[in-house]
Amino acid sequence: MPRGLWVTLKNNQAMTFPDRSSANFPNPMLYRRFGRTELSMPVFSCGGMRYQFQWQDAPFAQVPKDNQHNLQSTIERSLELGINHIETARGYGTSEMQLGKILPRLPRETLIVQTKVSPKDDPKEFRREFDKSLGYLNLEYVDLLGIHGINNRETLEQSLRPGGCLDVCRQLQREGRVRFVGFSTHGPTAIITEAINSGEFDYVNLHWYYIFQDNWPAIAAATAQDMGVFIISPSDKGGQLYNPPEKLVNLCQPLSPIIFNNLFCLSHPQVHTLSIGASRPADFDEHLKTLSYLASDQETEKVLQPILAKLHGAMVEALGEDWVNSWRIGLPSPEQTPGEINIPKILWLYNLCQSFDLVEYSKMRYNLLGNGGHWFPGQPASNFDRQQLWQCLAPSPHRQKVLEVLQETDRLLKGETVQRLSRQEVAKTS
């Protein structure tokens, strides 16, 4: 990463202090080559979807002073620690605008700035949204532009078709307004891998962590393409690990669940950076404890392997070895299921509840079904025709048990409908 001095903005005055990435500080930040971008990427990134004022655009005058002060302090703390990758998106409400009051006053060459814009059917609209992003950020260029949400066939085609959103990105690169182009995704592994194998992208933002390892084939494909790999929300979507159940805490000893999950992800060199969705400066602190365990592969494996064994043992004890090894076999996708019930996701949540007591996390995810769009597709198992499901579950070796688990999971997790964060804010302001 660039050496020299970081900048703090206390009292609106540019002040300097030593680079925290140097070896003079305990557990200095670690960096990995971010694929073919050749960027030196910190293993933790500062995600911009938790500290902003609200999820919809608003005039800066409406942003409370204490909110902007907290955001500024969070960025200062990030940079002090050597976390110089600042990630945001057009879809994160006031995040870009608020960052735009801070970033231009920092040495641009020390920063890696990423924003993301959702694909559009009309590429001109995509261009207008990017222009709005760059205007809010108050920067001449971004280092990384991600197409935000290649989650299904439609968004993939909007991105890759001739004259589509990717062609707009290429024009922005020619204009010097974007350095590298990637994409973010909450989609199925097949769609992610198809986008990666197009060879058109420099990096990918995706979900992969201990409780959800389905996307490893996509990471392997990205590695083959020499792409950067950014892990989305490992502590929140990875199990709400900032508020873990006692059973999971005990299983992860001597580490905290956050440190274990970070170490699990970063023990794979194919993974380059993990997003920390910081809402305040102190939110970095627990994550930093991970760094000392990454000093050597031997040290990493020494602490990881006993915890992995305990976690696997808890799964087998709760679910039985046969189910653990074969529950996924023959399950239809939501599109192939009567009522579009997301059977794989529901069984996954059941497993998490039974194995690790991740009930509150699972309630949040389960009640998003039916309201998550292509970001979290499919329906819950609130009402279904057993005969129809029996037929579509014919390839499963656990047909009868699957039906029982669907009913049991619905009884356990069903509650108030949950909306995606951006939609929650719309509901509050409408």
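Assorted remarks:
- Nonlocal amide H pairs with G82, under 5 Å, H built at 1.01 Å: R20
- Computed from Cα positions, the angle between helix 65-80 and the longest principal axis of the chain comes to roughly 90 degrees.
- Cα centre as origin, Lys/Arg/Asp/Glu Cβ charges: the chain dipole, Debye: 660
- The long axis of helix 399-413 is offset from the longest Cα principal axis of the chain by roughly 50 degrees.
- Amide H partners (placed H, <5 Å) of G146, local residues excluded: T115, K116, V117, G182
- Cα-centred dipole magnitude for segment 126-237, charges only on beta-carbon of K, R (+1) and D, E (-1), debye, nearest 20: 220
- Centre separation in Å (Cα based) which lies between segment 397-417 and segment 196-262: 26
- Two-decimal Rg/Rh across the chain, once Rg and the Kirkwood Rh are taken from alpha-carbon atoms: 0.96
- Projecting the Cα atoms of A314, L274, P380 onto the dipole axis of segment 238-383, where Lys and Arg carry +1 and Asp and Glu carry -1 at the beta carbon, places P380 farthest toward the positive end.
- The share of Cα pairs per 10 Å bin across segment 211-261, counted from zero up to the longest distance, runs 23, 40, 26, 10, 0 percent.
- Kirkwood-based Rg to Rh ratio, segment 117-168, C-alpha trace: 0.98
- Between amide H atoms placed 1.01 Å from N, distances below 5 Å from L358 occur with C353, all of them 5 or more places distant or on a separate chain.
- Evaluating 6.51 cos²θ - 1.76 cosθ + 1.60 at θ = phi - 60° for every residue in segment 341-350, the Karplus couplings come out as 5, 8, 4, x, 5, 5, 5, 4, 5, 4 Hz, glycine and proline recorded as x.
- Segment 228-320 - convex hull of the alpha-carbon atoms, volume per residue in Å³: 112
- Across the accessible surface of the chain, with the other protein chains kept in place and a 1.4 Å probe, carbon and sulfur atoms take up 49 percent.
- Evaluating kT/(6 pi eta Rh) at 20 °C and 1.002 mPa s, with the Kirkwood radius of segment 320-422 over Cα pairs in the Stokes-Einstein relation, gives 156 µm² s⁻¹.
- Under the Karplus curve 6.51 cos²θ - 1.76 cosθ + 1.60, θ = phi - 60°, whole-Hz ³J(HN,Hα) for segment 285-295, x wherever Gly or Pro sits: 4, 5, 5, 5, 5, 5, 4, 5, 7, 9, 4
- For the chain, the longest principal axis of the C-alpha atoms and the axis of helix 123-137 are separated by about 60°.
- Per residue, the Cα convex hull of segment 29-129 amounts to 118 Å³.
- Selected from M49, A394, S296, residue furthest toward positive end of dipole (the chain; charges at beta carbon): M49
- Table column - 3J(HN,Hα) (Hz), segment 381-386, Karplus curve with 6.51, -1.76, 1.60, x for Gly and Pro: 9, 5, 9, 8, 8, 4
- Enclosing the Cα atoms of segment 167-321 in their convex hull gives a volume equal to 146 cubic angstrom per residue.
- Exposed GluC sites (Glu not before Pro) absent: longest stretch of the chain, with sites in DSSP loops and at most 14 other Cβ within 10 Å deemed exposed: 176-415
The values are calculated or read from the model by the stated rules, or taken from the named source; none is laboratory data. Remember, predicted model here, so these are calculated numbers, not experimental data. Reconstructed Cβ throughout: ideal geometry from the backbone, glycine too, with neighbour counts over all protein chains shown. Ligands, DNA and RNA are stripped out before the accessible areas are found, and what is left, the full protein with its side chains, is counted by its heavy atoms. Shrake-Rupley method; radii C 1.70, N 1.55, O 1.52, S 1.80 Å.
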